[in-house]
1. May I ask you to list the residues in the range 355-378 that are surrounded by fewer than 19 Cβ atoms within 10 Å (Cβ to Cβ), of a type outside the set (A, V, I, L, M) and within 29 Å of residue 135 (Cα to Cα)?
2. Quick check on residue 496: is it surrounded by fewer than 20 Cβ atoms within 10 Å (Cβ to Cβ) and of a type outside the set (A, V, I, L, M, F, W, C)?
3. If the requirement is being within 11 Å of ligand 1 (Cβ to nearest atom), at pLDDT 95 or above and hydrophobic (A, V, I, L, M, F, W, C), which of these qualifies: 380, 304?
4. Only one of (1) out of contact with any strand residue (DSSP E or B) (no Cβ under 7 Å at 6 or more places or on another chain); (2) within 12 Å of ligand 2 (Cβ to nearest atom); (3) under 25 Å from residue 220 (Cβ atoms) is not met by residue 298, so which one is it?
5. Can you name the number of the only condition in (1) within 12 Å of ligand 1 (Cβ to nearest atom); (2) crowded, with 24+ Cβ neighbours inside 10 Å; (3) within 25 Å of residue 117 (Cβ to Cβ) that residue 325 fails?
6. Does the range 310-319 contain at least one residue that is away from ligand 2 (no atom under 14 Å from the Cβ) and assigned to a loop (DSSP other than H, G, I, E, B)?
7. Pull out all pairs, ordered by first then second residue, where Cβ-Cβ is under 8 Å, the residues are six or more apart or on different chains, the first lies in the range 384-408 and is on the phi < 0 side of the Ramachandran plot, and the second is within 14 Å of ligand 1 (Cβ to nearest atom) and of a type in the set (S, T, N, Q).
8. I'm told residue 222 meets every condition in (1) within 16 Å of ligand 2 (Cβ to nearest atom); (2) of a type in the set (Lys, Arg); (3) surrounded by fewer than 24 Cβ atoms within 10 Å (Cβ to Cβ) except one. Can you identify the failing condition by its number?
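The values are calculated or read from the model by the stated rules, or taken from the named source; none is laboratory data. In this text the structure is predicted, and so the values were computed from the model without any measurement. FYI the Cβ positions are ideal-geometry reconstructions off the backbone, even for glycines, and counts take in every protein chain you see.
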Amino acid sequence: MRTEQPKMIYLKDYQAPDYLIDETHLTFELFEDHTLVHAQLIMRRNPERQGEQAGALPPLMLDGQQLELLSLSLDDRALAPGDYRLDDSHLTLQPQQARFTLDSTVRIHPESNTALEGLYKSGTMFCTQCEAEGFRKITYYLDRPDVMSVFTTTVSAERQRYPVLLSNGNPRATGSEEGGRHWATWEDPFKKPAYLFALVAGDLWCVEDVFTTMSRRDVTLRIYVEPENIDKVQHAMDSLKKSMRWDEEVYGREYDLDIFMIVAVNDFNMGAMENKGLNIFNSSAVLAKAETATDAAHQRVEAIVAHEYFHNWSGNRVTCRDWFQLSLKEGFTVFRDAEFSADMNSRTVKRVEDVAYLRTHQFAEDAGPMAHPVRPDAFIEISNFYTLTVYEKGSEVVRMIHTLLGAEGFRKGSDLYFQRHDGQAVTCDDFAKAMEDANGVDLTQFKRWYSQGGTPRLAVEERFDPQARRYSLTFRQSCPATPGQPHKEPFVIPVELGLLDAAGRELPLRLEGEDSAQGGNRVIRVTEAEQTFTFLDIAEKPLPSLLRGFSAPVKLSFPYSRDQLMFLMQHDSDGFNRWDAGQQLAVQVLQELIAAHRRGEALVLDPRLVEALGTLLADDSLDQAMVAEMLSLPSEAYLAEISEVADVDAIHAAREFARRSLAEALYQPLLARYRANRAESQRVAYAAEAGQIARRSLQNIALSYLMLSGKTEILEACLDQYQHCDNMTERLTALAVLVNSSFEDEKAKALGAFAEHFKDNPLVMDQWFSVQAGNPLPGGLERVQALMGHPAFTLKNPNKVRALIGAFANQNLVNFHRADGAGYRFLADQVIVLNALNPQIASRQLTPLTRWRKYDEARQGLMRGELERILASGALSSDVYEVVSKSLA
Ligand code: TRP
Ligand code: ZN
């Protein structure tokens, strides 16, 4: 909790550390009512700083929070309280020599740590979360990523309760102590910043495997879980081995220790953490088997296992100089895991999902009060900057570099980056410099993607001169102001495009100034505020396919007619743009319905949307996963994001009307696809494999449409799917469509049976909470409030908070935005309670309230009122304070 006025920290104030820590020797004595931490730090003056600060040694200021200092000695001389200064976040003392050893002992209380940062208990096990600044809650230290040290860690605990004792690196020694205790020592030979430190103690089982690296070294792989979950680990293990192979093949990166461990914990603030050699995961990002985890959950496990593994190079071997550079490791690693998932599954489907997510959520962040550049230049609380902008937009920035340099050029650049900076803590500029040097290019203007926030607009206009056979595209880019950045300079925007003739064939492209055509698809670079590209030898007016594969994170506009979009849906050679044409068509149709609803007019669905989707459904040759994606109308959240003023009731009414009309018009083809796929699902055993996932996604979206008919034959099919399936993907969809229907008896029965059957599986109960939290039928708030009292619910578990409160506020727009403001009041009440328990989770739950500018005046007032109430509610954490104060500014 905050005691002083929170301070803004600026990138421009960065200074290298005065002191370095060469070696860190830690001993933990774990007890039920406290933990003792002994730290021996072998330190020296930073030679880099000696020149700047000649003369006397500067004071040593160590970070430390919520620590009870029991003893302190400098080079074996015990220090008395007069020899140092303590405040609530630092320990300051005066070294006498350029090299010295500092020994400290502190007492901490993991058993009462509900913030889940530092050392804490999840259920009966001890675990740590140190990124970004949690290590300072474990011991006094230079808790900053540019201080890298080798670590030796000894853990001692009661053998019976904690048979497994883990830390980073390789195991070195174990032994027994009197009183039923035992200990283990781990040594990590790689220098690392403190945020990568980890410790685990618990009664855990593991699945073990071996991976032989490309230089034929055997690495032991272990995934540790609580005993009851040992049957849900194989998918994560398979994903790990695939990730290790992929990083060797695509990036030439080999694993470097003798052992790689993953531990699953139930209470975790984020998805997972890449601690060196000892990744700690939210159990939701590890555990998966057919009966308890959906296809989406299986794919999430695969992606997060890969993400954390890839950090071993992009993050650990090469780390960040300071936290402003967070996207150096996160943007790059998200790009790496996205490419991995694309290679393991369907590339187009993966891209579609990622882009839909970015456009809905990151674009909204970029348009709100917390907007910041990929490399922020100021923050109050770094935990608030683990954002969609740093992660997802950061990944798009790396993807653009990949697009501009090509796969080979990019690989040359990443090789140089890893070789040049191995063992260092570096900046986004260093990453760009390696890309430049390896390819002989200049990325100066491109780097504005790191320094300027906001989502650029790119308006495109065409001109055709049939006599001269010239076709021109004029691009105009602009970028709205964001906090602290009123004016933006032009970006480098790579636009992948093609031109289609009347038969849908790709035209050869010859730009003005070129001697001959260079194939169809190509990438042009828009670098000016306004820029025209002219294509020669164009006989008839073509139809442009723009921003293929979403080659840049911008809002592109081109005045397509609905007929042109239908043409692109069928003929574009780029699968992503076929989907995007469908989305643009649906957006046009839905916006027309939203406007009609607001005018109080009767709604009429444009038959072209029915025709377009009917054509897709009739085509057996198409990828079923893509058909399912194209049948999914843009989400309410996306429709809200692209509205000037979001009218959630009109959005919901229009979208539901469109879904009902489509269900009615396409009833027969939907039923045929449903029946065929459902029969196949019953015939073969579940596997989380791309072909099956595609089949189930089409089956399930078909069921969700069909259920809107209210027909008994569909209710029966739904109940049959709910009862007779071997997997959670079919079961949960059946439950969700029942919950959203008006078959009250069947709904209550299914919800009750589900909870009874899965009451001992917290991850499945999370899904049960989410399905109900997302139900848009009237009374949503009351249902959520009742569920808060369910025995399986607790505010202390972040997964539960996200499953119930998060799902309600983010996915149930009509109920959350109730006109009387009760949804807002509910959320603010929860944030106030969470602020004291877990500031990181409290702050994240605030997001929907920060978007108040999107809504009508009455709702704006109600939302602001709740933010003000939070601000006045007492001692706020820096996390909540920063988000609330910036939102009200
Ligand atoms: N580095 C982690 C990742 O992206 C993120 C993370 C895990 C994190 N736990 C955290 C960030 C707690 C802040 C606080 O893989
Ligand atoms: Zn990460």
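1. 377
2. So residue 496 does not fit the description; no.
3. None of the other options fit; the residue is 304.
4. With (1) out of contact with any strand residue (DSSP E or B) (no Cβ under 7 Å at 6 or more places or on another chain); (2) within 12 Å of ligand 2 (Cβ to nearest atom); (3) under 25 Å from residue 220 (Cβ atoms) applied to residue 298, the lone miss is (2).
5. All conditions pass for residue 325, except number (1).
6. Yes.
7. 384/843; 390/327; 391/327; 394/327; 397/327
8. With (1) within 16 Å of ligand 2 (Cβ to nearest atom); (2) of a type in the set (Lys, Arg); (3) surrounded by fewer than 24 Cβ atoms within 10 Å (Cβ to Cβ) applied to residue 222, the lone miss is (1).
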